[in-house]
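Working notes, structure below.
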Amino acid sequence: MNKEIRWRIISLQAMLVVILAAASGFLVYQGNFVTGMVHDQLVAQKIFFPGTDQVKAGGALDPAKFPAEITRYAGQQVDNGDKARVYANDFIAIHLAGIAGGKTYSEVSSANSKLTAQLAATPTADPNYATLQAQQATLAGQKTTLFMGEMLRGTLLNSWGWWTVGVYTTYAAVGLLIAALGVLAALVFELFIAGRKPESLKVAQRVAA
């Protein structure tokens with residue numbers, strides 16, 4: 001390898017070290033920004049898992065009803081993406097499933113609209129009016145509860161999604177940093193080791209007498 005090509009390789013390696021290190025630093029900043037933002041927003045909502053005293057039969061975290069994963073967060077505040085996911089999927093979702101026999105907000109809303117129209121067309125003197133009115137009030141309450149619950153669950157899952165993006169961004173930063181160190185090692189080798197000229201050895205020759 002001639003001197004010109006060698007210095008081109010060294011220059012390229014130096015540029016790669018700078019680029020990879022800069023990209024790593026940028027990703028670390030972005031990853032910390034995203035996870036920090038999610039943390040701050042979750043903390044501001046002041047959402048807590050039921051306490052450890054509720055991990056019992058008939059409690060708010062009845063082991064027979066709720067998965068074991070949620071019990072490790074008992075009594076803790078929802079302040080990161082993983083806790084948000086567990087609270088959304090293993091707590092809110094289970095409660096929502098028991099409100100209207102597993103029906104979603106859209107299903108209950110549709111049924112409520114039909115019953116409201118039926119109630120409006122029913123004379124107040126009709127014997128079934130009071131029954132229809134009670135059914136409509138029940139559906140309206142279920143509709144409101146499901147809407148609020150599904151909105152909170154969706155918000156928490158969205159927080160979990162962004163938290164995951166932030167975490168994997170940080171992982172990518174670590175990967176780029178390792179790559180930068182690898183290129184730096186190659187650069188150091190090229191500068192201080194590969195560039196050395198091997199010492200020439202003189203072989204002694206016997207002189208004929």
In Å, the Kirkwood estimate of hydrodynamic radius for region 50-136 over Cα pairs equals 15.7
Mind pulling the angle between the C-alpha long axis of helix 105-120 and the longest principal axis of the chain? Nearest 10 degrees, somewhere in 0 to 90.
20
Rounded to the nearest 500 deg cm²/dmol, what is the calculated helix-only ellipticity per residue at 222 nm for the chain, with -39500 (n - 2.57) per DSSP H run of length n ≥ 4?
-23500 deg cm²/dmol
Given region 3-192, what count of lysine pairs have C-alpha atoms under 23 Å apart, with each pair 8 or more places apart or on different chains?
8
Could you state the number of Å between the C-alpha centres of region 1-15 and region 21-72?
50
What percent do you get for the relative contact order of the chain when only Cα pairs under 8 Å and 6+ apart count?
35
Dividing the convex hull volume of the Cα atoms of region 3-192 by its residue count, what figure in Å³ per residue is obtained?
170
Taking H as built 1.01 Å from N, whose amide H comes closer than 5 Å to the amide H of residue 48, not counting residues under 5 places away?
78
GNM on the chain, C-alpha springs below 10 Å: top fluctuator among 112, 89, 80?
112
Scale the Cα Rg of region 1-67 by the rule-of-thumb value 2.2 N^0.38 Å and send over the ratio, two decimals.
2.42
log10 I(q)/I(0), Debye, Cα-only region 30-88, no solvent, q = 0.24 Å⁻¹?
-0.90
Treating the angle as unsigned and between 0 and 90°, give the value, to the nearest 10°, between the Cα long axis of helix 129-192 and the longest Cα principal axis of the chain.
0
Among 157, 139, 27, which one moves the most in a GNM of the chain with springs linking Cα atoms closer than 10 Å?
139
Could you work out the relative contact order of region 9-98? I mean the mean sequence separation of Cα pairs under 8 Å and 6+ apart, divided by the number of residues, in percent.
26
Sorted largest first, the Cα spans of region 94-148 on the principal axes come out in Å as 40, 15, 15
Given a Förster radius of 25 Å and the C-beta distance between residue 68 and residue 134 as r, what FRET efficiency does 1/(1 + (r/R0)^6) yield to the nearest 0.05?
0.05
Placing +1 on each Lys and Arg Cβ and -1 on each Asp and Glu Cβ in the chain, then taking the dipole about the Cα centre, the residue among 165, 136, 89 whose Cα reaches farthest towards the positive end is 165
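FYI, it's all coordinate maths here, none of it is from the lab. Since this is a predicted model, take the numbers as computed values, not measurements. Cβ atoms come from the backbone with ideal geometry, glycine included; neighbour counts cover every protein chain shown.
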